[in-house]
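**Student:** The structure that follows is given in the form of structure tokens.
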Amino acid sequence: MPRALPVEVLCQHHELGDFDCGEPIQNLGIASRVGTFFDPSDVVILVAHENDVIRGFLSLCDLELRLDEDSDVTERCFFFAAFGVDQRWVGSGVGASLIQRSYTLRRLRRHRNYAATVATTIHNPEFEPRLRALRFRPVPGTDSTFWYRRPRS
């Protein structure tokens with residue numbers, strides 16, 4: 001099994017290399033961000049890399065969602081917007097490292113008072129069982145493509 005890779009916020013020096021997570025839209029999404037400047041207060045992209053070559057990524061941002069079917073109130077959520085691991089690195093712990101680092105980032109942003117963490121299965125439907133195992137629930141009215149979990153009290 002490959003060694004643990006460093007996880008950092010995407011910077012100018014990171015390279016895409018021959019990254020392929022098996023989902024063309026996810027590959028295009030990360031390719032469009034490599035080498036560009038963007039406001040990290042809007043979107044944060046974490047990358048796991050080997051000698052600055054990306055092997056996995058997780059895109060994070062804030063999202064307003066209605067989490068309660070009986071309410072019209074939207075709540076601020078911490079959103080896992082996009083996620084991909086190079087197919088050659090699947091099973092190596094890259095994805096788990098990215099998610100673990102995202103929770104560190106969420107704790108640093110606690111002043112934003114997130115109501116929940118939200119993930120999507122739009123491009124990765126195979127993640128649904130994993131989200132269920134992590135006690136995520138479907139967001140009402142999204143046909144089970146968005147999942148949320150409220151923080152522990």
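The values are calculated or read from the model by the stated rules, or taken from the named source; none is laboratory data. Just so it is clear, the model here is predicted, and its values are computed rather than measured. All Cβ positions, even for glycine, are placed from backbone atoms using ideal geometry, and neighbour counts span all protein chains on display.
**Student:** Please find, among Leu105, Leu67, Leu63, Leu16, the residue that is in contact with a helix residue (DSSP H, G or I) (Cβ under 8 Å, 6 or more places away or on another chain), over 18 Å from Asn124 (Cα atoms) and of a type in the set (A, V, I, L, M).
**Tutor:** Leu16
**Student:** Of everything in segment 134-153 that's of a type in the set (Gly, Ala, Ser) and free of Cβ contacts under 8 Å to residues at least 24 places away in the same chain, which residue is surrounded by the fewest Cβ atoms within 10 Å (Cβ to Cβ)?
**Tutor:** Only one residue tops the list, namely Ser153.
**Student:** Then there is this: Determine whether Ser144 is over 26 Å from Val47 (Cβ atoms) and either out of contact with any Lys or Arg (no Cβ under 7 Å at 6 or more places or on another chain) or modelled with pLDDT under 90 (or both).
**Tutor:** The answer is yes for Ser144.
**Student:** Let me spell it out: the conditions are (1) modelled with pLDDT of 90 or more; (2) surrounded by 13 or more Cβ atoms within 10 Å (Cβ to Cβ); (3) not in a strand (DSSP E or B), and Gly56 meets all of them except one. Which number is the exception?
**Tutor:** The failed condition is (3).
**Student:** If you take the residues in segment 63-79 that are surrounded by fewer than 15 Cβ atoms within 10 Å (Cβ to Cβ) and of a type in the set (Asp, Glu), which one is farthest from Gly17 (Cα to Cα)?
**Tutor:** Asp70
**Student:** Also, quick follow-up: Consider only pairs whose beta carbons are under 8 Å apart and that are at least six residues apart or on different chains; among these, list those whose first residue lies in segment 106-133 and is farther than 16 Å from Phe146 by Cβ and whose second residue is acidic (Asp, Glu) and part of a strand (DSSP E or B).
**Tutor:** Matching pairs, first to second residue: Arg112/Asp62.
**Student:** Check Ala82, Ala48 and return the single one that is modelled with pLDDT under 90, crowded, with 19+ Cβ neighbours inside 10 Å and assigned to a strand (DSSP E or B).
**Tutor:** Within the list Ala82, Ala48, the selection yields Ala82.
**Student:** Go through (1) assigned to a strand (DSSP E or B); (2) farther than 25 Å from Pro151 by Cα; (3) of a type outside the set (Lys, Arg); (4) without any contact (Cβ under 8 Å) to a residue 24 or more places away in the chain and name the single condition Glu64 misses.
**Tutor:** If we test Glu64 against (1) assigned to a strand (DSSP E or B); (2) farther than 25 Å from Pro151 by Cα; (3) of a type outside the set (Lys, Arg); (4) without any contact (Cβ under 8 Å) to a residue 24 or more places away in the chain, just (2) comes out false.
**Student:** For segment 1-17, which residues satisfy the criterion of being closer than 13 Å to Glu50 by Cβ and either part of a helix (DSSP H, G or I) or touching a residue at least 40 places away in the same chain (Cβ under 8 Å) (or both)?
**Tutor:** Within segment 1-17, Pro2, Ala4, Leu5, Pro6, Val7, Glu8, His14 qualify.
**Student:** So Arg107 clears everything in (1) in contact with a strand residue (DSSP E or B) (Cβ under 9 Å, 6 or more places away or on another chain); (2) part of a helix (DSSP H, G or I); (3) not aliphatic (A, V, I, L, M) except one condition, right? Which one?
**Tutor:** (1)
**Student:** Here is a check on your reading of the model: is Gly35 modelled with pLDDT of 90 or more, on the phi > 0 side of the Ramachandran plot and either of a type outside the set (S, T, N, Q) or surrounded by fewer than 17 Cβ atoms within 10 Å (Cβ to Cβ) (or both)?
**Tutor:** no
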